[in-house]
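The values are calculated or read from the model by the stated rules, or taken from the named source; none is laboratory data. These numbers were taken from a predicted model, which means no experiment stands behind them. Neighbour counts are summed over all protein chains in view; Cβ atoms, including those assigned to glycine, are modelled from backbone coordinates with ideal geometry.
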Amino acid sequence: MIKNFLNRILQYYYATNKKEVLFQSKLRQEIDTIKKKEFKRDKKNLIPHGFKVFSQTDEDGILNEIFKRIGTTNKKFLEFGVNSKDNNTTFLLLNGWTGIWLEASGSKIKKIKKKYDAFLKKKKLKIYKKKLTAENINSVIKSVNLKGKIDLLSIDIDGNEVYLLNKLSQIKPRVIVVEYNSKFPPPIKKTIKYSPNFSWKYDDYSGSSLQLLTDNLNKKKYSLVGCNISGMNAFFIRKELVKNKFPKDTSAKFHYQEFRIGLVNLRNSHPESNKWFDQ
């Protein structure tokens, strides 16, 4: 009886949401195809391990796999540029991590504080309104009492990423996640002109090409170990941690993924609840 009732609910949902159901099904098929292709290219590729919980697409799963392979030390993170809808560190908060979010937008911070109140009260998370520039990055990080080694730095500021990374010295992240501009595939080296007041206009003039980021972070002793499936984020780890745990080819050419904006629309299932954060 219960089984028949559930079947009727599913039939009703499918009938009333047919287009969305078909769209989500096609997205998952596309993701499965890409994952199989990437696994075939190299069995140590990170993309087959990607999944979405609170991240934009598959970053949660990729970070989970990276730390499975290299382990953690202090489980501390720092994330630049955060919103209340999706980010790269909420999943970590639910798995015993602590960290700091830095965000320039007062309206975003207001929403974040409301949604993540439980983490803030438990002091698992701290959030500060800060505008980051190449000139102040180290002093800002110092002002929030961070220094030395941390497990993760995630950067999503849609603009001056490479300039901030070039100046970064206050902390030494084991893993760095940074957005890249997939408009320019390797070996093209491109970045926006630096301005401390840069503000993204929601067009393709933002950030840096993967090749430029890779070259600059190689100089700081980081290796590229993967990009996410939607062609948005690149994952770098300290060179001494790579060993034989990731694909031997750490070039931008090997890891580059084209921009697949449609994959951002993948849904987990039901509408998100904040009650997970209260436990």
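Restricted to segment 161-279, the set of helices (runs of 4 or more DSSP H) holding at least 2 residues that are under 30 Å from Asp117 (Cα atoms) comprises 161-167.
Of Leu146, Leu125, Leu132, all but one fail to be closer than 30 Å to Lys243 by Cβ, surrounded by 16 or more Cβ atoms within 10 Å (Cβ to Cβ) and aliphatic (A, V, I, L, M); the exception is Leu146. Cβ separations smaller than 7 Å between residues 6+ apart or across chains give the following pairs from segment 184-210 residues that are closer than 19 Å to Ser105 by Cβ to residues that are among the charged types (D, E, K, R) and not in a loop (DSSP other than H, G, I, E, B): Gly207/Glu161; Gly207/Glu179.
Residues of segment 211-243 that are under 18 Å from Gln257 (Cβ atoms), in contact (Cβ under 8 Å) with a residue 40 or more places away in the chain and hydroxyl-bearing (Ser, Thr, Tyr): Ser230 alone. Once segment 42-58 is narrowed to residues that are in a helix (DSSP H, G or I) and without any contact (Cβ under 8 Å) to a residue 40 or more places away in the chain, the residue that is farthest from Asn88 (Cα to Cα) is Pro48. Pick from segment 191-240 the residues that are in contact with a strand residue (DSSP E or B) (Cβ under 7 Å, 6 or more places away or on another chain) and charged (D, E, K, R): which of them is surrounded by the most Cβ atoms within 10 Å (Cβ to Cβ)? Within segment 191-240, the match that is surrounded by the most Cβ atoms within 10 Å (Cβ to Cβ) is Arg238. When every residue of segment 91-103 is checked against the conditions, none turns out to be surrounded by 21 or more Cβ atoms within 10 Å (Cβ to Cβ), under 13 Å from the mean Cα position of the chain (by Cα) and over 21 Å from Ile157 (Cα atoms).
Here's the yes/no breakdown for (1) in a helix (DSSP H, G or I); (2) surrounded by fewer than 19 Cβ atoms within 10 Å (Cβ to Cβ); (3) at pLDDT below 95:
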position	(1), (2), (3)
Leu63	yes, no, no
Ile66	yes, no, no
Thr72	no, yes, no
Val82	no, no, yes
Asn88	no, no, no
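Filtered by the rule that a residue be under 20 Å from the mean Cα position of the chain (by Cα) and more than 20 Å from Ile150 (Cβ to Cβ), segment 227-245 gives Cys227, Asn228, Ile229, Ser230, Gly231, Met232. Of all residues assigned to segment 122-142, none qualifies as being in a helix (DSSP H, G or I), of a type in the set (Asp, Glu) and over 15 Å from the mean Cα position of the chain (by Cα). Six or more apart or on different chains, Cβ atoms under 6 Å: show the pairs whose first residue is in segment 246-264 and at pLDDT 95 or above and whose second is of a type in the set (D, E, K, R). So the pair list comes out as Phe246/Lys44; Pro247/Asp42; Pro247/Lys44.
What is the residue count in segment 172-219 for residues that are of a type outside the set (S, T, N, Q), out of contact with any Lys or Arg (no Cβ under 6 Å at 6 or more places or on another chain) and closer than 19 Å to Glu79 by Cα? So the answer is 13. Apart from one condition, Glu161 fits all of (1) acidic (Asp, Glu); (2) surrounded by 21 or more Cβ atoms within 10 Å (Cβ to Cβ); (3) modelled with pLDDT under 95; the exception is (3). Of the numbered criteria (1) at pLDDT 95 or above; (2) at negative phi, the one Ser199 fails is (1). Taking the listed residues Ile100, Ile141, the one that is of a type outside the set (Ser, Thr, Tyr), at pLDDT 95 or above and within 16 Å of Asp86 (Cα to Cα) is Ile100, with no other qualifying.
From the list Lys26, Lys115, Lys52, which one is crowded, with 19+ Cβ neighbours inside 10 Å, farther than 26 Å from Val162 by Cβ and basic (Lys, Arg)?
Step by step, each of Lys26, Lys115, Lys52 is checked, and only Lys52 is crowded, with 19+ Cβ neighbours inside 10 Å, farther than 26 Å from Val162 by Cβ and basic (Lys, Arg).
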